[in-house]
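One structure below.
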């Protein structure tokens, strides 16, 4: 079944199955290699947080339905790529004011560790390296997918502090503290 004429191609999305994250951080490694030319997790567009031992949260842009980060940028340094749907940062325009960080429900954008601009997942031009490596390693926590109208992408736009308690219960049960 092919795509109908005059219909835009489906946009790329990275599905997350948080419960499958092993905390290997291969996603951070390949992302920083792709964008920075070296292994530099602090500059990665995807970051893995462990706020509770054994509970790993890969954190990256979810391409919210209304792109509040783009709307909040006072210098128009952020835009939405028309083909992939990714947020694109114009590093020359960005002043690193941080308004996009506070506008993002998941507080995903972050400052580049040694440059004056924001860092956000750009979906690697539609071929997200993080999902490729996660699928290749067979962890299948991050999976390249396409955006469909049946998914509420805003539900994925949460910060690790919001996600960790529920994930911990899913992994260890209500009485997880007895394991310690």
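The values are calculated or read from the model by the stated rules, or taken from the named source; none is laboratory data. The shown structure was predicted, so the numbers you read here are calculated from the model rather than taken from an experiment. Glycine also receives a Cβ, built like all others from the backbone with ideal geometry; neighbour counts cover every protein chain displayed.
Is at least one residue of the range 161-177 in a strand (DSSP E or B) and at pLDDT 95 or above? Full working, then the answer.
Within the range 161-177, the subset in a strand (DSSP E or B) is none.
The answer is no, given that none of the residues of the range 161-177 is in a strand (DSSP E or B) and at pLDDT 95 or above.
From the list 127, 135, which one is surrounded by fewer than 19 Cβ atoms within 10 Å (Cβ to Cβ) and in contact with a strand residue (DSSP E or B) (Cβ under 7 Å, 6 or more places away or on another chain)?
Sole residue among the options that is surrounded by fewer than 19 Cβ atoms within 10 Å (Cβ to Cβ) and in contact with a strand residue (DSSP E or B) (Cβ under 7 Å, 6 or more places away or on another chain): 135.
Just checking, how many residues over the range 136-146 are farther than 14 Å from residue 20 by Cβ and in contact with a helix residue (DSSP H, G or I) (Cβ under 7 Å, 6 or more places away or on another chain)? The total comes to 1.
Does the range 152-159 include one or more residues that are surrounded by 19 or more Cβ atoms within 10 Å (Cβ to Cβ), in a helix (DSSP H, G or I) and on the phi < 0 side of the Ramachandran plot?
Quick first cut of the range 152-159, residues surrounded by 19 or more Cβ atoms within 10 Å (Cβ to Cβ) only: 156-157.
So of that shortlist, the ones also in a helix (DSSP H, G or I) come out as 156.
Filter once more, keeping what is on the phi < 0 side of the Ramachandran plot: 156.
Yes: the range 152-159 contains one or more residues that are surrounded by 19 or more Cβ atoms within 10 Å (Cβ to Cβ), in a helix (DSSP H, G or I) and on the phi < 0 side of the Ramachandran plot.
Of the residues in the range 119-151, how many are assigned to a helix (DSSP H, G or I) and under 27 Å from residue 77 (Cβ atoms)? Outline the logic, then answer.
Residues of the range 119-151 assigned to a helix (DSSP H, G or I): 123-126, 129-136.
Among the residues that remain, those that are also under 27 Å from residue 77 (Cβ atoms) are: 123-126, 129-131.
The number of residues fulfilling the criteria is 7.
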